[in-house]
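Q: Sharing a structure here in structure tokens format.
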Amino acid sequence: MYTDILPNKAGCDSIISVNLTVKYSNSQNVKVNSCGPYTSPSKKYVWTTSGDYVDTLKNKGGCDSTIQIKLNVNIASSS
């Protein structure tokens, strides 16, 4: 909670109170091995090939949480 005093146009003091909450975003790196298509944590994407991917979710504070995914897809042979 912060308070500041400013003079208004009439020369009188105006008191401003600000209840400030700072929210943080965060990020995470994960390695995933999959035997077929992989659905991202947000459920927005389905990846079928190995590679580096990024997905974004909202964290508890309502800020973006970025997940960097190193995906290895191993397709099983049918023979």
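The values are calculated or read from the model by the stated rules, or taken from the named source; none is laboratory data. Everything numeric in this text was worked out from a predicted model, so none of it was measured. All Cβ positions, even for glycine, are placed from backbone atoms using ideal geometry, and neighbour counts span all protein chains on display. Surface areas here come from the heavy atoms of the whole protein model, side chains and all, with no ligands, DNA or RNA. Shrake-Rupley method; radii C 1.70, N 1.55, O 1.52, S 1.80 Å.
Q: Which of [x] 3, 12, 15, 13, 9, 8, 6, 6, 6, 6, 5, 4, 3, 2, 1, 1, 0, 0; [y] 3, 13, 20, 22, 19, 12, 7, 3, 0; [z] 3, 14, 28, 25, 15, 10, 4, 0 is the computed P(r) over Cα pairs in 5 Å bins from 0, in percent for the structure on display?
A: The listed entry that was calculated here is [x].
Q: Treating the beta-carbon of each Lys and Arg as +1 and of each Asp and Glu as -1, no other charges, what is the dipole magnitude of the chain about its Cα centre, to the nearest 20 debye?
A: 260
Q: Just to make sure I understand: if all protein chains stay in place, what is the order of 53, 24 by accessible area at 1.4 Å, largest first?
A: Of 53, 24, the descending order of accessible area is 24, 53.
Q: Run the quick spin-label model on residue 43 and residue 75: label points 7 Å from Cα toward the beta carbon, then report their separation in nm to one decimal.
A: Reported label-point gap for residue 43 and residue 75 is 2.7 nm.
Q: Could I ask something else about it? Provide the net charge surrounding residue 26, with neighbours chosen by a C-beta distance below 14 Å and charges set as Lys +1, Arg +1, Asp -1, Glu -1. Before the final figure, lay out the partial values.
A: On the way: positive: 23, 58, 60; negative: 55, 64.
Net local charge, residue 26 excluded: +1.
Q: Right, something else. If I model a spin label at residue 64 and residue 50 as a point 7 Å from the Cα along the Cα→Cβ vector, what separation in nanometres do I get?
A: About 2.9 nm separates the two model spin labels.
Q: Still on this structure, please answer the following. Put +1 on the Cβ of every Lys and Arg and -1 on every Asp and Glu Cβ in the chain; which of 50, 37, 63 then has its Cα farthest towards the positive end of the dipole?
A: Comparing the listed Cα positions along the dipole, 37 ranks first.
Q: With a 1.4 Å probe and all protein chains left in place, how much of the accessible area of the chain comes from carbon and sulfur atoms, in whole percent?
A: In the chain, the share of accessible area belonging to carbon and sulfur is 52 percent.
Q: For the chain, what is the accessible area per residue in Å², given a 1.4 Å probe and the full set of protein chains?
A: Per-residue accessible area for the chain comes out at 81 Å².
Q: I'd like to compare 33-43, 64-74: which one has the highest average count of other Cβ atoms within 10 Å, and what's the full order after that? Kindly include the intermediate steps, with their values, before the conclusion.
A: Numbers: 33-43: 12.8, 64-74: 14.7.
Taking the mean over residues of other Cβ atoms within 10 Å, the ranking is 64-74, 33-43.
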